[in-house]
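First up is the structure itself, then whatever we jot down about it.
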Amino acid sequence: MTTPSPSPLNPPALDKRDWIAGLEKGLSIIEAFDDANPRLTASQAGVRCGMTRTAARRYLLTLGHLGYVATDGKLFWLTPRVLRLGQSYLESARLPRIVQPFLQRVTAGTQETAYVSVMDGDDIVYIARNGPNRTMNTGYVLGARVQAQVTAAGLLMLALRDPQWIENWLVNHELKAYTSHTIASKDRLRIELARVRAQGWSISEQQLELNYRGIAVPLRDRHGDVAGALSVTMPMGHEPSEDALARVLPVMRETAQAMRNLI
């Protein structure tokens, strides 16, 4: 069996002498805030990060001094400065810059909004887009994170992982239903992932938001490894799935192939 090459999903081993525990804890404090926990006390942050109230408070105060956190003396919350961390990735990473002209090609050829996304943990993250803004409640903006299994891009990237990895993910992952069409059964999701893997592309309809459809194809690098997914989203309207696939899949496949030697 070959050893997987280092990647964001499979980071290289780190010597304990090089480990900086304080950096890990500081980042965990930032990640403790989410839509369900926009404001936290030091005690609450400590519980979420597995540290004492005193330790959490020191990290929060340090982050406050650096401008990443604000406080009223009791509650703490993130400031817009945190967005600099994500912006640094979008501005420095090679992939978002390479794909932009190709996304314009997809939009011109399909008249739909085109995206490139990558996997990060259980979520996909949108790192590039082109096309008109849609009135979707979920709002696929740059940097947006969405649970992988409810999007076409996420289904595709999950399906193309190693089968044992997929099974471990299914066993340990809780499926959340966003609409009445969301696949919330692990048995059904297994079948869907196998189908996507066999055909090499994916379609997701109304799983995240009603009346919207997503279609995705893989983005592979020159070695054949999956680097991300190219996808489009569209209102379902009166166009059958078969017609939508026939209209956009050829453009998407051609574009993904054209990008292959550049990724």
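At a glance:
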item	result
Most mobile listed residue (GLY224, GLY143, GLY200) in the chain, GNM with C-alpha springs under 10 Å	GLY224
Qualifying lysines (Cα of each under 23 Å from Cα of LYS74; at least 8 residues distant if same chain)	LYS25
Cα-centre dipole for segment 41-86 with unit charges at Cβ (Lys and Arg positive, Asp and Glu negative), debye to 20	80
J(HN,Hα) series, segment 247-253, from Karplus relation 6.51 cos²θ - 1.76 cosθ + 1.60, nearest Hz, glycine and proline x	7, 10, 4, x, 5, 5, 5
Heavy-atom accessible surface of segment 12-62: percent carbon and sulfur, 1.4 Å	54
Portion, in percent, of the accessible area of segment 222-263 that falls on carbon or sulfur, probe 1.4 Å	52
Accessible area per residue, Å², the chain with all protein chains present, probe 1.4 Å	57
In order through segment 61-77: 3J(HN,Hα) via Karplus (6.51 cos²θ - 1.76 cosθ + 1.60), integer Hz, x for Gly, Pro	5, 5, 5, x, 4, 7, x, 8, 9, 10, 8, 9, x, 10, 9, 10, 8
Surface accessible to a 1.4 Å probe, ARG253 within the full protein complex, Å²	120
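The values are calculated or read from the model by the stated rules, or taken from the named source; none is laboratory data. All figures in this text were calculated on a predicted structure; none of them were measured in a lab. Counting neighbours? That spans all protein chains shown, and the Cβs are built from the backbone with ideal geometry, glycine included. The area values use the complete protein model at the heavy-atom level, side chains included, leaving out ligands, DNA and RNA. Shrake-Rupley method; radii C 1.70, N 1.55, O 1.52, S 1.80 Å.
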